[in-house]
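The values are calculated or read from the model by the stated rules, or taken from the named source; none is laboratory data. Worth saying up front: this structure is predicted, and the values here are computed from it rather than measured. Cβ placement follows ideal geometry from the backbone for every residue including glycine, while neighbour counts extend to all protein chains displayed.
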Amino acid sequence: RRRPAPPPPGAPARPGMPVVSRGGMLGKLQEQQQRYGATKEPLDAATGESKAAANPDEDDVSVKKVLRFALPALAIFLANPAMSFIDTAFVGWGSSVELAALNPASLLTGTAVFLLSFLPRATTGLVSRALAKSEGGNAAAKQETRVALSAALWIGSAMGLGLTLGGRALLGALQVPAELYAPAMAYVRIVGALTPATIICSVAQAGVLATQASGAAARSVIIATIFNFCGDLLFCQWPLQKGIAGAALATAIASVVACTLQLRALGSKNLLPDKSILRPPGLQEALPLLKYAGPLSVIVLTRVAGYSFASAAAVKLGTTKLAAHQVLNTLFIFFACFGEPFSQCGQAMLPKFYDRGQNGDVAAAQRAKDLFGNIFRAGATGAVGLAAAAAMAVYFGGSLVTSDAAVLAAMREACPALAVTLVALILAVCVDGAMVAAQDFGWIIRNNCFACGMQAGILVLTQKWGWGLNGIWAAFFCRLAFYTAASLRRLYSPKGGLGKMSAIVDAANAEAPPAAGQQPAAAAAA
C-alpha cells in the first residue's frame, strides 16, 4: 500500500498517529552533523546513508570485536611453531644426526623469512588504509596488493637463490660440524627454493587480514598445517623414510598449499590484482611500500640484535645455564606468538579511524581511542594469563624437556623474570601495532634503537654483578618496559596518533557544549 503523505510543515499530527523521531545510529549521525557540521564520513552510494549506519559492525570497536579478530588470527601465528615441532618430532624419530642438522638448517631458512617480515606488516597497513577511502578504495587496495605481491615474488626469489647457492658457506659461518653438512644442505635447498611461495603467502595473508577476515586466513593456515603433518608422516616415516629431506619436502608442499589458499581468500575479497605481479613495481608505485619497509626493517634488525645479545650472554654462563636459557627462550618465543594478533588488530582496524578523524570526523576520532583502549585491555588481561601459563610450564613441565636437576633448578630460578618479561612483551606488541598504524616511523626507529642499546648496556652490568640468567631476562624486561612506556607517552602526545584524535574530540566538545541532560555527540556516536 502507498504510504500516506506527510502533513505540511507546522500542521499538527493526525489524531491517533504518534510522532516518530528518527533515532538509531543514523539519527545520531544527523544530530552530530547539525552540531558540528557535516563530517567526512563516506556515504553509501545506493542509500545516501553513512557506511557506518549501513553496516554498524564495520565501526564496532568493542572488546568482542577485537577478540573476534584476534582469536582466529592466533591460529596463524601458532602454525609456524606447530609445523616446526612436527618436523622436529618426525626427524628425531628417525636419526639423531639429522635432528642435529635440522637446527642450523631451519635457522637459515627461518631467518630469511623473518628478515622479510616487513613486507606483510606493510601490506596490512597499506591495504587497510586504501580500503577506508570513500572513493576508489577497492582499486587502490588492489594496486597496493599488486605492488606487495610483486615485491614478495622478486625479493623472495633472490633470497631463495641465495640460500640455495650460498647455503654451504652460511653453514660454515655458523661453524656447523662437517658430518651435518649433507643433511642440512638437503633441507636448505628444498625449503629455500620455495622461499618465494612462503613470502607471497605471508603478503596475501596480510591482505586478507587487512579486510578483518581473520577467519578466512586462519582456515588456510590450518589446512596447510594438516598437509605438513601428512607429508611428514608419508615422507619421513612409512613408507618413503626420507628423513630430513622428507621433512623439507613436506614443508615445501605445505607452503605451496598455503600460498594457493591465501591467494584464493584474497580473490574472494576482490583484492587480487588485475595486472600481473611478474612485472617489478616502478619507483613511484613502490614509494608507499618503501615508506614502511625502511622503518620496519630497522625494527626487525633491532629485535634480532636483542635476541643475539641475550644468547651471547648466556653462552658465557656455562653449559648448564645455557641449556636452561635455551628452554626458557623457546617457551618465551612460543608464548610471544599469542601477542601478535593484538598488534595485527591495531594495524588492520586503526588506520581508517585515524584517517577519518584527521579529516574532521569526530566520531571516528573517538572510536580510534576506544579501539586502542580495548586492544590494550584485552592484551593486558591475556598477558597475565600467559605469564601464569609460562610459569606453570617451567615448574611442572620442565621435566618433560630435561632430566638434569641442575638445568631444572636454573630454569625455575629465572622463571619469575621470564614471566614479567612476557607481560612486558605483550603490552609492547599492543602499543607497537597502534604506532605502526599511525605511521610514526621516525619515533619508532629512534625508540627501538635506544631500547636495544639500553638492553646491551644493562647486560654488561648484570654480567659484572653476577646476576646470571636473571640478569639476561632483567635486561630484556627493562628494554620492553622502556619501549612500552615511551611509546604510550608518544602515542597520547600532541604529535602522536591518539593525541591528535583526542585534540579533535576535545575541540569539538569545546565548540559545541551539549544541552542540559544531553551527551556530547562524540560520546553518543561512540
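Does Thr251 count as crowded, with 19+ Cβ neighbours inside 10 Å, in the same structural domain as Phe450 (by the TED database) and not aliphatic (A, V, I, L, M)?
no
State the number of residues belonging to the range 357-371 that are in a helix (DSSP H, G or I) and touching a Lys or Arg at 6+ places or on another chain (Cβ under 6 Å).
The number of residues fulfilling the criteria is 1.
With the requirement that a residue be within 19 Å of Leu115 (Cα to Cα) and free of Cβ contacts under 8 Å to residues at least 40 places away in the same chain, what does the range 284-300 give you?
Leu290
Do any helices (runs of 4 or more DSSP H) lying entirely in the range 67-182 carry at least 3 residues that are within 21 Å of Lys275 (Cα to Cα) and modelled with pLDDT of 85 or more, and which ones are they?
Answer list for the range 67-182: 118-131, 137-173.
Taking the conditions exactly as written (touching a Pro at 6+ places or on another chain (Cβ under 6 Å), surrounded by 15 or more Cβ atoms within 10 Å (Cβ to Cβ) and not β-branched (Val, Ile, Thr)), does Phe482 satisfy them or not?
When the stated conditions are applied, Phe482 does not pass them.
Do we have any residue at all in the range 324-340 that's over 24 Å from Ile76 (Cα atoms) and aliphatic (A, V, I, L, M)?
Within the range 324-340, one or more residues are over 24 Å from Ile76 (Cα atoms) and aliphatic (A, V, I, L, M).
From Leu290, Leu261, which residue is assigned to a helix (DSSP H, G or I) and in contact with a Leu (Cβ under 9 Å, 6 or more places away or on another chain)? Spell out how you get there, then give the answer.
Working: Leu261 fails: in contact with a Leu (Cβ under 9 Å, 6 or more places away or on another chain).
Among Leu290, Leu261, only Leu290 is assigned to a helix (DSSP H, G or I) and in contact with a Leu (Cβ under 9 Å, 6 or more places away or on another chain).
Does the range 201-209 contain any residue that is within 25 Å of Ala245 (Cα to Cα), assigned to a helix (DSSP H, G or I) and not assigned by the TED database to the domain that holds Lys352?
Within the range 201-209, one or more residues are within 25 Å of Ala245 (Cα to Cα), assigned to a helix (DSSP H, G or I) and not assigned by the TED database to the domain that holds Lys352.
Scan the range 356-368 for residues that are out of contact with any Gly (no Cβ under 9 Å at 6 or more places or on another chain) and surrounded by fewer than 24 Cβ atoms within 10 Å (Cβ to Cβ) and jot them down.
Residues satisfying the conditions are Gln358, Asn359.
Of the residues Glu179, Glu98, only one is outside the structural domain of Cys345 (by the TED database), of a type in the set (D, E, K, R), in contact with a Leu (Cβ under 9 Å, 6 or more places away or on another chain) and more than 30 Å from Gln347 (Cα to Cα); which?
Glu98
Determine whether the range 477-492 contains at least one residue that is over 18 Å from Ala424 (Cα atoms), over 28 Å from the mean Cα position of the chain (by Cα) and assigned to a loop (DSSP other than H, G, I, E, B).
no
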